[in-house]
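> Questions regarding the structure given below will be posed in turn.
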Amino acid sequence: MSERPPISPKSPRAALEPEQLPPPPKRSDHARNPLVIVGNAIITFIVVVMIGAGGLYVYGKNKLEAPGPLAQDKTVNIPQRAGLDDIAQILKREGVIEDGWLVFAGGVMALRARTELKPGEYLFQKNASLRSVIGTIVEGKVVQHAVTIPEGLTSEQIVERLSENPIFTGSIREIPREGTLLPETYKFPRGTLREQVLNRLQQAQKRVLSEIWERRNPDVPVRTPEQLVTLASLVEKETGKPDERTRVAAVFVNRLQKKMRLQSDPTIIYGLVGGKGTLGRPIKRSEITQPSPYNTYVIDGLPPGPIANPGRASLEAAANPARTRDLYFVADGSGGHAFSDSYEAHQKNVAKLRALEKQIQNDTVEPAEEASSPSAAAATDTAADPAATATTTGSPKAKSGAQKRRTRNGAAE
């Protein structure tokens, strides 16, 4: 261990004063240069900005990726001409996002989607992140609503349905021609114009009819696709059972080939009410022979046009009917029809139906009421009427009261 040199002050006062430190070195002329000072300031500023930007990036990324507040899937409508602030307010009000306009706008800018936001009705998933929400709106994945047009409706009835459906907008200028719309299930976004819906139904009908016409049986006595639609409309209105369509079509085709009148009750109704579709009451006896361009009890051959809009299955059945000799069909009491190729066999089927109806009536009506009931009197009157020999009660297709009491296609009246 080295020993410190002894202190040898020059005087007692000097011994009491602290030892003087050497002076600091002089600052170089280079460090005092203004360019260096400015450069240091710029570097410092850049470092601070980078740190801030990094923090902002981490914060923004967390905001974009963090689960949203939605507790379950939710549909939200973004109206036309909604601005960035409007969209943010709607999403926050509906609980899709929890932050305000600034965070939403920041996310939109970060994703470069300012001009890509599209109006429409959107389905946002449970806990959808801000990135997912913005992506859904940018991609325009709007909700598609399934709209079913039932087979057998007239064009007027279809227009009425579309007019009452709140997901569509706009008005319909003109009712399409009968038989030019294809009944099916379609999907449309909210806000679709009703005219656009009709155009789509018409285009679908043209496409399907063209395909079926090319595959038709050449023995079917129709000369044009329009006549095929007319024949299919009769099939559509007569039965709703898929396995009966080709056989019902065969009855009509066999009658056309034999120059027999088709005698289809739905044509009476269409001749009376046109596109309204339903009569709302039984067919009167006087109306059975009432002259009408559509009444196939009066006219020969097919009506001048369709009496409804047939579906794809009925068009297929009319183009390729079953190969049978059937000329008659009558309700069998169980929802279908009994077919026959002779009037004698047809009358037996009618008798079976009457017996079944009588049994049902006996099981459901008290004897004391049977004599005085208006319905019982009507049943007695119907049974005595040679032009009202059967019923289609129980058919899947809704028929009028008179249709329920009449022979299907061709009682020799």
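> Residues being crowded, with 16+ Cβ neighbours inside 10 Å, outside any strand (DSSP E or B) and not small (G, A, S): count how many of those fall in the range 119-142.
Number of matching residues: 8.
> If T115 satisfies every condition in (1) out of contact with any helix residue (DSSP H, G or I) (no Cβ under 6 Å at 6 or more places or on another chain); (2) over 29 Å from K237 (Cβ atoms); (3) crowded, with 19+ Cβ neighbours inside 10 Å but one, which is the exception?
Failed condition: (3).
> Could you list all residues from the range 248-263 that are touching a strand residue (DSSP E or B) at 6+ places or on another chain (Cβ under 9 Å) and either surrounded by fewer than 20 Cβ atoms within 10 Å (Cβ to Cβ) or of a type in the set (G, A, S) (or both)?
If the condition is that a residue be touching a strand residue (DSSP E or B) at 6+ places or on another chain (Cβ under 9 Å) and either surrounded by fewer than 20 Cβ atoms within 10 Å (Cβ to Cβ) or of a type in the set (G, A, S) (or both), then A250 is the only one that fits.
> With (1) outside any helix (DSSP H, G or I); (2) crowded, with 17+ Cβ neighbours inside 10 Å; (3) not acidic (D, E) as the list, and I158 as the residue in question, which single condition is left unmet?
(1)
> Related question: Working carefully through the options D243, D300, find the one that is out of contact with any helix residue (DSSP H, G or I) (no Cβ under 8 Å at 6 or more places or on another chain) and either assigned to a helix (DSSP H, G or I) or not assigned by TED's automatic domain parsing to the domain that holds A338 (or both).
Details: D300 fails: either assigned to a helix (DSSP H, G or I) or not assigned by TED's automatic domain parsing to the domain that holds A338 (or both).
On inspection, the qualifying residue turns out to be D243.
> Now, a different point. Hey, among the residues in the range 222-243 that are surrounded by fewer than 13 Cβ atoms within 10 Å (Cβ to Cβ) and not basic (K, R), which one's farthest from E184 (Cα to Cα)?
T224
> Still on this model: For residues that are without any contact (Cβ under 8 Å) to a residue 24 or more places away in the chain and outside any helix (DSSP H, G or I), tally how many sit in the range 267-297.
Residues meeting the conditions: 4.
> I've got another one for you. Residue under question is V229, and the condition is that it be under 17 Å from P306 (Cα atoms) and in the same structural domain as A322 (by TED's automatic domain parsing); does it hold?
When the stated conditions are applied, V229 passes them.
> Right, another one. Considering each of L262, L198 in turn, give the residue that is modelled with pLDDT of 95 or more and closer than 19 Å to S314 by Cβ.
Working: L198 fails: closer than 19 Å to S314 by Cβ.
Among L262, L198, only L262 is modelled with pLDDT of 95 or more and closer than 19 Å to S314 by Cβ.
> Select from the range 143-155 the residues that are outside any loop (DSSP other than H, G, I, E, B) and touching a helix residue (DSSP H, G or I) at 6+ places or on another chain (Cβ under 9 Å) and list them in ascending order.
Result: V147, S155.
The values are calculated or read from the model by the stated rules, or taken from the named source; none is laboratory data. Note that the coordinates shown come from a computational prediction; the quantities given were computed from them, not determined experimentally. For neighbour counting, all protein chains shown are included, and Cβ atoms are generated from backbone atoms with ideal geometry for every residue, glycine included.
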